[in-house]
Each structure stands twice: as C-alpha cells, then as structure tokens.
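For reference, the structure discussed in these notes is given below.
Read-outs throughout are calculated quantities, based only on the coordinates presented, and are distinct from any laboratory measurement. Everything numeric here is computed off the predicted structure, so don't read it as measured data. Neighbour counts are summed over all protein chains in view; Cβ atoms, including those assigned to glycine, are modelled from backbone coordinates with ideal geometry.
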Amino acid sequence: MATKRLARQLGLIRRKSIPPANGNLGRSKSKQLFDYLIVLDFESTCWNDGKHHRSQEIIEFPAVLLNTSTGEIESEFHAYVQPQEHPILSEFCMELTGIRQAQVDEGVPLKICLSQFCKWIQKIQQQKKIIFATTVSDISTAEVKLCAFVTWSDWDLGVCLEYECKRKQLLKPVFLNSWIDLRVTYKIFYKRKPKGLSGALQEVGMQFLGREHFGLDDSRNTALLAWKMIRDGCLMKITRSLNKREMEKLYTVSKNKTGS
C-alpha cells in the first residue's frame with residue numbers, strides 16, 4: 001500500500017473534508033480503535049531568557065491510564081526526575097511548574113525513571129491484557145486490548161524525550177514512538193483552534209482541575225478532555241509516528257480491530 005494512502009487511513013494526513021463535529025455533540029460516543037489511552041505530560045527545565053532551549057531535561061514524568069469505554073482513570077504513574085545537565089532549577093521554572101529544587105534533588109535520573117515507567121507499563125499490560133501496535137506482529141484482537149499514548153502537542157514525545165534520550169544516549173522504549181496529539185485532534189474535530197489545554201476545556205464546558213503546569217494535573221485534565229471528545233463522537237487516531245514500519249503495524253491492527 002502506498003505510504004500516503006496508509007498515512008491517510010491512520011489519520012496521519014488530514015483530509016480536507018471533515019464531518020462537522022457540532023452534529024455529534026451530546027450524542028453517544030463513537031466506537032474506539034483503542035480500548036485504553038495513556039496520557040503523558042512532561043514538565044522540563046526551562047528559563048525565561050530564551051537560552052538552553054535545546055537542552056531541556058524532564059523533571060516530572062507523569063502518566064495516567066484512561067479507559068475509553070468508561071472514562072475512568074484506572075492507574076497512574078508519577079516520578080520526579082533529577083536533571084543532570086542543568087541540575088539547578090531556575091526561579092522561572094520553579095514558579096511556572098511549582099516544582100521545588102528539593103523534589104528533583106530527591107528524584108531519579110531519567111534512565112532509572114524510564115526503567116520504572118516500563119515496569120509500570122508491564123504491570124498494567126499483564127493486569128489488563130493491553131498491547132501496543134508496535135509490539136505486535138500477529139494478534140487475535142478478541143483477546144487483547146489496544147492502547148495508544150496521548151499528549152497535548154508533539155513536544156513531549158517528539159521533541160523533549162526524543163532529544164534528551166539522544167543527548168544522553170539512553171534507550172527510549174519503542175512504544176513511545178507513536179502517539180495521538182490531542183491538540184491537533186481537538187482542532188480538527190471541533191473545527192477551532194484551542195487556546196491551550198485550559199481554554200480547550202472551557203470551550204467544551206469544563207474547568208481545569210488542579211494546578212496548571214503540574215504534570216500530573218495536566219495529564220489528568222488532558223484525559224478528561226479526551227473522554228469528553230470521545231463522548232462527543234471523536235474517533236481517536238494516531239497523529240504522529242517516528243517510524244514508518246510502526247505505521248504499517250498500526251494499519252494492520254486498525255484493520256483487524258475495525259474489520260474494515
């Protein structure tokens with residue numbers, strides 16, 4: 001199958017004609033390809049002088065597991081990460097995120113955090129029979145539940161984690177190479193550009209719960225927004241993949257799952 005056609009079927013290329021979202025508001029949620037979504041929202045070192053933008057390091061690593069049938073957050077992962085390249089947080093960073101120097105000092109290096117995260121992933125995979133398309137060659141879709149990652153923009157997985165792992169020569173889990181950008185999905189579905197996560201929530205009649213720029217609260221709120229969109233009839237699709245072979249696997253699993 002041609003790469004362009006494959007990308008379109010996976011939702012990686014936007015179609016010009018998109019069904020109006022307004023007609024779906026308040027109606028029953030659509031059948032989802034993914035039984036679970038894992039929402040990530042990293043916080044990283046930052047400065048207000050525009051410098052060091054190429055050397056940001058993750059300082060908070062949160063994830064929440066959303067059941068797309070019930071809207072329930074069934075599990076959470078959270079860790080503070082110790083920056084190695086710029087170990088002292090800027091005043092701007094601490095004020096923006098609410099993360100204190102002592103919290104990252106007591107945290108773990110990214111390498112250990114990734115190991116802990118993978119153990120959490122393995123645990124929920126065993127408990128809930130979850131699989132990712134990138135880890136499957138031939139599956140029986142009746143026996144497993146598909147899962148995808150969700151972020152608000154491509155920055156978390158496409159920039160922050162990707163480049164930090166490259167700089168530090170860390171092995172990044174393969175399953176983190178594909179994800180759903182909820183910001184672009186929101187824009188396509190509702191036909192309007194969201195004014196940040198908090199603004200997007202307000203536009204659909206919801207309020208941000210907790211503290212903005214605290215990664216775990218951001219992840220929870222992103223999950224709540226994803227659930228609202230699902231109930232409004234939005235079909236969640238992968239919007240970004242760093243590997244063409246993964247696109248092919250995602251297409252195969254999607255075809256088996258939907259029967260189309």
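Points worth noting:
- Net length gained if the chain between Phe92 and Arg192 were fully extended (0.36 nm per residue, minus Cα distance): 32.9 nm
- Treating r as the C-beta distance of Gln169 and Val204 and R0 as 41 Å, the FRET efficiency rounds to 0.45.
- Sites Arg54 and Val108 - FRET efficiency at Förster radius 22 Å, r taken between beta-carbons, to 0.05: 0.40
- Simple spin-label estimate for Leu235 and Arg100 gives 4.9 nm between the two label positions (7 Å along the Cα-to-Cβ direction from each Cα).
- Loop trypsin sites (Lys or Arg not before Pro), the stretch 60-137, which have at most 14 other Cβ atoms in a 10 Å radius of their Cβ (DSSP): Arg100, Lys129
- Of Lys128/Lys187; Lys128/Lys168; Lys31/Lys129, pairs whose Cα-Cα distance is over 23 Å: Lys128/Lys187; Lys128/Lys168
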